[in-house]
There are 4 protein chains.
Amino acid sequence: MHKIDLNSDIGESFGPYLLGMDEDVLKYVSSVNIACGWHAGDPMVMKKTVELAVKLGVKIGAHPGLPDLMGFGRRIMAVTPEEAKAYVIYQVGALKAFVEAAGSQLQHVKPHGALYNMAAKDPKLSRAIAEAVKSVDDNLVLVGLSGSCLVTAAEEIGLRAAREVFADRAYSRDGSLVPRNEPGSMIEDEALALTRVIGMIKVGQVTPLTGEDIKIQADTICVHGDNLKALEFLRKIRTGLEKEKIQIAPMQENLRHR
Amino acid sequence: MHKIDLNSDIGESFGPYLLGMDEDVLKYVSSVNIACGWHAGDPMVMKKTVELAVKLGVKIGAHPGLPDLMGFGRRIMAVTPEEAKAYVIYQVGALKAFVEAAGSQLQHVKPHGALYNMAAKDPKLSRAIAEAVKSVDDNLVLVGLSGSCLVTAAEEIGLRAAREVFADRAYSRDGSLVPRNEPGSMIEDEALALTRVIGMIKVGQVTPLTGEDIKIQADTICVHGDNLKALEFLRKIRTGLEKEKIQIAPMQENLRHR
Amino acid sequence: MHKIDLNSDIGESFGPYLLGMDEDVLKYVSSVNIACGWHAGDPMVMKKTVELAVKLGVKIGAHPGLPDLMGFGRRIMAVTPEEAKAYVIYQVGALKAFVEAAGSQLQHVKPHGALYNMAAKDPKLSRAIAEAVKSVDDNLVLVGLSGSCLVTAAEEIGLRAAREVFADRAYSRDGSLVPRNEPGSMIEDEALALTRVIGMIKVGQVTPLTGEDIKIQADTICVHGDNLKALEFLRKIRTGLEKEKIQIAPMQENLRHR
Amino acid sequence: MHKIDLNSDIGESFGPYLLGMDEDVLKYVSSVNIACGWHAGDPMVMKKTVELAVKLGVKIGAHPGLPDLMGFGRRIMAVTPEEAKAYVIYQVGALKAFVEAAGSQLQHVKPHGALYNMAAKDPKLSRAIAEAVKSVDDNLVLVGLSGSCLVTAAEEIGLRAAREVFADRAYSRDGSLVPRNEPGSMIEDEALALTRVIGMIKVGQVTPLTGEDIKIQADTICVHGDNLKALEFLRKIRTGLEKEKIQIAPMQENLRHR
């Protein structure tokens, strides 16, 4: 039987500012990535979000980002691998403390935004991030774009990696995501998106924007819950996967079978 | 044989800004309090400072502060106990990750500046801080002003507390520190400062600014290393204590004998 | 004919975080206080908000706050008068540049949150803030709680002050606001709130929580537009005032008649 | 008679952190670039630094940077032209307020670090920065690397530009600076550095790392005062220029002759 993880970014509120529909998202996903106070989130938000996820039995990951609250961690920033390493240790340590204070254990780490994208193509940056995660706890899973440097770097140093795929994004022939600002980058048709996801899980293939199907490994699917439409699509994905007898389970359970 | 801990605040540099003479201080103290990136310090500084302390065998504590880098965490800020709790978990978790990544273990937590002073007189704030520390790791020692709320709060919830005394500060009759801006608040005479410290350790008493000697318990002495003069005084204290057959040892060793 | 100003805090969004219904509020008020990037707001938000207010002909004030984005500038912080002075010059200067870049002129300055409340009772802090405002531009109006230190401080140094009153808050016998956490502090009855405001404008009196009516001067009324209910109340106040032949006009026009 | 401006970055301290030897530097330069609180500096530092420069009669410029205090504004960050524009208006407005509060007038704006370097090669970013400066005050001078996009952008929109050259840096054949991490990028020989500067001013030429002399226009020379050695070199440059009958004068005076 096929297993897949559904992960979503939550805990992105900050001080007086509310963002996301975390309580709703938590009903449909098996793993969450919680912001660590740098690109989003603050200690009060982290504590509340962790406690809610623990209560609902959803597995928790740290979602470290660049030091850019104003830009939500989405702007490329020329940090060195050494800096990225220290930034990841800091943020993962902070989130891990909230998880352990709530009586649970941290499952994974998924870099956020520009840090995730930069690492996907930069072996040195990926290596630094993987080493940071391993140095905090070598049982942690590192989530990276399927086929990217981050996955390779994790496995090279003996850290488990979860290959992430996207339901709503088009792929290039080399397995990378088509950048958001290019035509056709978003899969708007929800039925098609679901079909693609099922294909990635069961067949291990996806149809790129141009050319023949390419191989792709999927351990976890990135889903969103920022608004009602996203939430509705999340519900459909979950139902659609269950109809196909694909079990939704936290990434750490899928990876055990490797 | 008497034992005492010497603790100092280090790791207070930030980005391009250097502060303190950490490498020198580390030669003379048994414990250090490392800033956690809120009132001072940043992840690169934390990593480097932790690694140096581990290398030199000096025990490490987290030094969480208020979110006020510009004011160095020294300005009173009306944070709620819930906020303080979350802030302490966050910062202790971050520092702990660096300590564990360096192959060592966190020994203690000492709140910094205004947070330390506010907690000394506020039972609710002290309780929140003590609970934060315990929730991260119940083996941690919480350092508070000898005789203050922070010490009481820690012990009430079963957390070890280290009673901190000051060599260079005058005490009031109720055991509190004479505020810095009042006349006579600083003990300028180094020989007198040393005599007072020895008295606190051996006899458990100190002479307040006015009135008869008061009782005081001393587990750890706060010392400084910001400049050459401070460093010279630190050296004299260390030598003076050793002459009196008082052993300098990390706070966790003193507390075992309770 | 009576004139009164309606002022509201806007421009409080930050990076990815949206707050307030600024476009709607701007239809009903005569002056706005725009956040300056410390307790809320960022340069992109400031620019957009200023341009919108200029386009709609609403007069603009700077809304400087404490350096506490996480606490929205609402937490008391022990800044010195010298620090407050520098913080106000900085923030007013930044906002003023956007206003002038948009071809308009800054009308006023209203300190935000804890800075406003602290200044209301602290003559030295008020003096520092008034001097800051005057040093940037001596044509600016300083908005303070009616009867507070801030108003006195402004007028002592020859700066125009606008006396602010609140429609939805109870007053104490000494003219100060009843703190929000005390019973009866909020005027929930909208009709009563309107009647009170009209009385403050026309008669110069208000009924405090206990005791006989007290004198109060009103140059500007603080109104809110954070949600639909607040906006609906704002609309009612505006309509109610117009029915009473009270003209809604920017504070600088009211003050000319003094 | 030749005239040249000597400019230096000052006001880079922050909160408890001291940086630079501002009082000494101010004795030898004709213009200073004062940090605006984003990559360095804070309102207290800005106020004190501005007042000192005004007292000593040195012309003041704003030195806006990227929102990256931890990285001192030296790390490339993918800000959009619209963001850069808003960031520059904000910072220039803040600094300008301190200058006017001190009874003087802002002379120029020089982008800092990565913002300066990014703008040098990016016409859109340069245009946005130039428009920002002009929108605040069209009498301001914009300082950019001689021959760079920033100079072109300023002059295209009718803003005066000051062409900046470096005494201690090697040039490439296209007039750009040899990156710091490449061999030969720094001119270590102080006598050679001085000779080069004199050549740039009098002949309008400089010898690049390889190839024949290239043309270069010099309105202002960037000098440093971070340490005693830098300060000593600054003194030598000043004396050397005076010996050559080159007058040291604020950039706005040089530009009048164009």
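Summary table below
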item	result
Peptide B:70-83 - average C-beta neighbours from other chains (10 Å radius)	6
Å³ per residue enclosed by the Cα convex hull of the protein assembly as shown	199
Position D:Arg173, label points 7 Å along Cα→Cβ, spacing to each other copy in nm (shortest first, one decimal)	3.7, 8.6, 8.9
Whole-angstrom gap from region B:1-62 to region C:157-219, using each part's C-alpha centre	53
Calculated from backbone phi, Karplus (6.51, -1.76, 1.60) coupling profile of region B:74-89 in Hz, x at Gly/Pro	9, 9, 3, 9, 7, 7, 7, x, 5, 5, 4, 4, 5, 5, 6, 4
Position B:Ser185, label points 7 Å along Cα→Cβ, spacing to each other copy in nm (shortest first, one decimal)	3.1, 4.7, 5.6
Residue-count net charge about D:Trp38 - beta-carbon cut-off 13 Å; Lys, Arg +1, Asp, Glu -1	-4
Greater than 19 Å apart at Cα, pairs in A:Lys202/A:Lys243; B:Lys27/B:Lys59; D:Lys59/D:Lys236	D:Lys59/D:Lys236
The protein assembly as shown, accessible surface, carbon-and-sulfur percent (1.4 angstrom probe)	49
Surface per residue (accessible, 1.4 Å probe) for the protein assembly as shown, Å²	40
Projected label distance in nm at B:Asn227 and B:Glu156, using a 7 Å step from Cα toward the beta-carbon	4.0
Nearest-10 value in Å² for the accessible area of B:Cys149, using the 1.4 Å probe	30
Dipole magnitude (debye, nearest 20) for the protein assembly as shown, charges at Cβ of Lys, Arg, Asp, Glu	0
Tensor-based shape of chain D (alpha-carbon gyration tensor, a/c under 1.5 rounded, otherwise prolate or oblate)	rounded
Number of partner chain Cβ atoms within 10 Å, mean per residue of C:44-51	3
21 Å Cα-Cα reach of A:Lys85 towards lysines, excluding residues that sit fewer than 8 places from it in its own chain	A:Lys96, A:Lys110, A:Lys121, A:Lys124, A:Lys134, B:Lys47, B:Lys48, B:Lys55, B:Lys96
Peptide A:101-108 - average C-beta neighbours from other chains (10 Å radius)	2
Pseudo-label separations to other copies for A:Gln205 - Cα-to-Cβ vector, 7 Å, nm	6.8, 8.8, 9.0
R0 of 25 Å, Cβ-Cβ distance C:Lys202-C:Glu23: FRET efficiency to nearest 0.05	0.20
Pairwise burial B:D, computed as accessible area of each alone minus the pair, summed, 1.4 Å, Å²	1100
Nearest-to-axis residue of chain C, judged by beta-carbon position, where the axis maps C onto B, in Å	C:Met77, 2
Relative contact order [Cα under 8 Å, 6+ residues apart], chain D, whole percent	21
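The values are calculated or read from the model by the stated rules, or taken from the named source; none is laboratory data. Treat the numbers as computed from the prediction; the structure is a model and nothing was measured. All Cβ positions, even for glycine, are placed from backbone atoms using ideal geometry, and neighbour counts span all protein chains on display. Ligands, DNA and RNA are stripped out before the accessible areas are found, and what is left, the full protein with its side chains, is counted by its heavy atoms. Shrake-Rupley method; radii C 1.70, N 1.55, O 1.52, S 1.80 Å.
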